[in-house]
Amino acid sequence: MDSVVHFEVPFDDAERATTFYREAFGWKLDSMPDFAYTMVTTTATDERGRPSEPGGINGGMLKRGQITSPVITINVEDIDDALARVEKLGGQVAIGRQPVGEMGFSAYVRDTEGNLIGLWQNA
């Protein structure tokens, strides 16, 4: 079973958005300028940065663009196989496979209802 492992929230104003989530929910936000991304920690993590609480999910924030609303991200074993399954079942690839540094690969699909869903494969 593939599980939800990440979320992303788009913003128009990085400072305003990070201040809001930090103050409203106590989230830890770490800017990654090289990736134009902000890592979001919502739960305790282990030494590798993975959630250490059962069901805990951390995420990220990015400038609104192709991603216009919050997105959940699903961990998959093989992103290319997952993209093929999505298309076979009537979904569409919105943003194809792309490397994310040395960490892994991401892609975005639209399900049969038009929702944008992220996919993640560890390197």
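Here segment 1-14 is the region considered, the condition is being under 14 Å from the mean Cα position of the chain (by Cα) and under 19 Å from Asn75 (Cα atoms), and the residue that is surrounded by the fewest Cβ atoms within 10 Å (Cβ to Cβ) is Ser3. Screening the candidates Asp2, Asp12, Asp80, Asp111 for the property of being touching a residue at least 24 places away in the same chain (Cβ under 8 Å) and touching a Lys or Arg at 6+ places or on another chain (Cβ under 7 Å) yields one hit, Asp12. So in segment 111-123, with the set limited to residues that are of a type outside the set (S, T, N, Q) and surrounded by 15 or more Cβ atoms within 10 Å (Cβ to Cβ), which one is nearest to Ser69 (Cα to Cα)? Per the criteria, the residue is Leu116. Looking for something assigned to a loop (DSSP other than H, G, I, E, B), loosely packed, with under 10 Cβ neighbours inside 10 Å and not assigned by TED's automatic domain parsing to the domain that holds Gly101 - is there at least one such residue anywhere in segment 24-38? Yes - at least one qualifying residue is present in segment 24-38.
When Ala17, Ala82 are checked against the criterion of being within 17 Å of the chain's Cα centre (by Cα), within 16 Å of Leu119 (Cβ to Cβ) and buried (at least 16 other Cβ atoms within 10 Å of the Cβ), Ala82 stands alone in meeting it.
In segment 87-96, the count of residues that are under 14 Å from the mean Cα position of the chain (by Cα), at pLDDT 95 or above and not in a strand (DSSP E or B) is zero.
Taken as a whole, the condition of being in the same structural domain as Ala123 (by TED's automatic domain parsing), touching an Asp or Glu at 6+ places or on another chain (Cβ under 8 Å) and without any contact (Cβ under 8 Å) to a residue 24 or more places away in the chain does not apply to Val86.
Of all residues being closer than 22 Å to Gly49 by Cα and either touching a Leu at 6+ places or on another chain (Cβ under 8 Å) or among the aliphatic types (A, V, I, L, M) (or both) in segment 85-104, which is surrounded by the fewest Cβ atoms within 10 Å (Cβ to Cβ)? Just the residue, please. Top of the filtered list is Met103.
Quick one: would you say Glu77 is part of a loop (DSSP other than H, G, I, E, B), loosely packed, with under 15 Cβ neighbours inside 10 Å and more than 14 Å from the chain's Cα centre (by Cα)?
Working: part of a loop (DSSP other than H, G, I, E, B): yes; loosely packed, with under 15 Cβ neighbours inside 10 Å: yes; more than 14 Å from the chain's Cα centre (by Cα): yes.
Yes; evaluated as a whole, the condition is true for this residue.
From the list Gly56, Gly49, Gly60, exactly one residue is in a loop (DSSP other than H, G, I, E, B) and surrounded by 13 or more Cβ atoms within 10 Å (Cβ to Cβ). Which is it?
Details: Gly49 fails: surrounded by 13 or more Cβ atoms within 10 Å (Cβ to Cβ); Gly60 fails: in a loop (DSSP other than H, G, I, E, B).
Matching residue, one of Gly56, Gly49, Gly60: Gly56.
Can you name the residue in segment 63-74 that is of a type outside the set (S, T, N, Q) and modelled with pLDDT of 95 or more and, of all such residues, is surrounded by the fewest Cβ atoms within 10 Å (Cβ to Cβ)? Walk me through how you get there before you give the answer.
Going residue by residue through segment 63-74, those that are of a type outside the set (S, T, N, Q) are 63-65, 67, 70-72, 74.
Now restrict to residues that are modelled with pLDDT of 95 or more: 63-64, 70-72, 74.
Numbers: Lys63: 14, Arg64: 14, Pro70: 12, Val71: 19, Ile72: 15, Ile74: 15.
Applying the filter and picking the extreme gives Pro70.
The values are calculated or read from the model by the stated rules, or taken from the named source; none is laboratory data. Keep in mind it's a predicted model, so treat the numbers as computed, not measured. Heads up, the Cβs are rebuilt from the backbone with ideal geometry, glycines too, and the neighbour counts pull from every protein chain shown.
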